[in-house]
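These notes are about the structure you will find just below.
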Amino acid sequence: MHIADFVSGSFAGACGVAVGYPLDTVKVRIQTQKQFTGIWQCAVATFSKEGVHGFFKGMSLPITTISMTSSVVFGTYRNCLQCLSQARGAGCGPNSKLDVFLSGMAGGIAQISVMSPGDIVKVRLQCQTESKRGGTNVLKPKYHGPIHCLLSIIKEEGFLGLYRGALPLMLRDGPSYATYFLTYTTICEWLTDSGKKRPDWSGVMLAGGIAGMAGWTLGTPMDVIKARLQMDGARETKRYKGFFHCITETVRVEGAGVFFRSLGINCLRAFPVNMVVFVTYEVLTGFLRARPDSVDPPRLGFE
């Protein structure tokens, strides 16, 4: 079992959260609140009303849970590749692109049980636009912090309330991570000089950034549905009866274009975040697997 991938994935995920969280907050607000009409308008309104802190609301719990989920994603991915390789038997060559696609999908689905509670807390706190700095007549924030939000959801909606939006989360992350890892390994293969195991670090960064953008291009529509289901009923009366009703009602009221309203900011955030994620992952994995005779850290997928 490849333990190094779980450890490296955990650190890589935490670094990615730190880099991309402010843009993630803007993305979630655009997806769920109509008063925000665009990236710049949302960023300016958030800063003027809530200060810099407004961009980092709810980050402490997600940085912990995403460290765990990233560990599950990379560890599951790597070990699924190994299982598929062993199933074909020795001497069958490196993993195929289908192996990479299926292993990526398995990693994306496997992390849902760990990710969902932290994700709904993150979304609820990011969408809490009320400022603690307001006067006595100003509406106060409902949640005081990540732990209070977590306990409030359990108290008001039951333990299963932590898994609201889990279906669109699974439909987002399964195909997205499959595309993510396939894109990364394919671009790395293109950029690797003959005789080497991986491209140089600029190639790793480029492949990671493009892979992140590809994954989010596929996953953005389900990301919108997930965020709306997670926020539904948090402040106002529930609007959606379930997953399919949320889709049809969203299309009826706002049109199909709303599913791609946040695509630009998702891609803008995904490129630097996943550059950092893959570089961190590759460096740590190479270090943890280092042998006296090794030169290059192994590349995901094709070895």
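The values are calculated or read from the model by the stated rules, or taken from the named source; none is laboratory data. Just so we're clear, the structure is a prediction, and the values are computed from it rather than from any experiment. No Cβ is skipped: glycine too gets one built from the backbone with ideal geometry, and neighbour counts run over all protein chains shown.
Remark: pairs (first residue in region 91-104, over 13 Å from residue 174 (Cα atoms) and at pLDDT below 90; second residue among the aromatic types (Phe, Trp, Tyr) and surrounded by 15 or more Cβ atoms within 10 Å (Cβ to Cβ); Cβ separation under 8 Å; 6+ apart in sequence or on different chains) = 94/302; 95/302. Of a type in the set (D, E, K, R), in contact with a Leu (Cβ under 6 Å, 6 or more places away or on another chain) and modelled with pLDDT under 95: does that describe residue 156? Criteria not met by residue 156.
Residues that are of a type in the set (A, V, I, L, M, F, W, C), surrounded by fewer than 18 Cβ atoms within 10 Å (Cβ to Cβ) and either modelled with pLDDT of 90 or more or part of a helix (DSSP H, G or I) (or both) occur at least once in region 227-250. Total residues in region 207-226 satisfying the condition of being aliphatic (A, V, I, L, M) and under 17 Å from residue 105 (Cα atoms): the figure is 5. The residue of region 262-297 that is modelled with the highest pLDDT, among those that are surrounded by 18 or more Cβ atoms within 10 Å (Cβ to Cβ), over 17 Å from the mean Cα position of the chain (by Cα) and of a type outside the set (Asp, Glu), is 284.
Within the set 35, 41, 86, the sole residue that is surrounded by fewer than 20 Cβ atoms within 10 Å (Cβ to Cβ), assigned to a loop (DSSP other than H, G, I, E, B) and either modelled with pLDDT of 85 or more or under 17 Å from the mean Cα position of the chain (by Cα) (or both) turns out to be 35.
If I ask for residues that are surrounded by fewer than 22 Cβ atoms within 10 Å (Cβ to Cβ) and of a type in the set (Lys, Arg), which ones from region 165-203 would you list? Selection gives 196, 197.
Does residue 222 fit the bill of being at pLDDT 90 or above and either surrounded by 20 or more Cβ atoms within 10 Å (Cβ to Cβ) or out of contact with any Asp or Glu (no Cβ under 6 Å at 6 or more places or on another chain) (or both)? In short, yes. Filtering region 43-72 to residues that are more than 20 Å from residue 150 (Cβ to Cβ), out of contact with any Lys or Arg (no Cβ under 8 Å at 6 or more places or on another chain) and β-branched (Val, Ile, Thr) leaves 44, 52.
When we screen 121, 100, 114 for residues that are farther than 22 Å from residue 281 by Cβ and in a helix (DSSP H, G or I), the only hit is 121. Give the residue that is surrounded by the fewest Cβ atoms within 10 Å (Cβ to Cβ), with candidates limited to residues of region 46-60 that are touching a helix residue (DSSP H, G or I) at 6+ places or on another chain (Cβ under 9 Å) and in contact (Cβ under 8 Å) with a residue 12 or more places away in the chain. Here the residue is 60. Only residues that are basic (Lys, Arg) and modelled with pLDDT of 90 or more were counted in region 165-212, giving 1.
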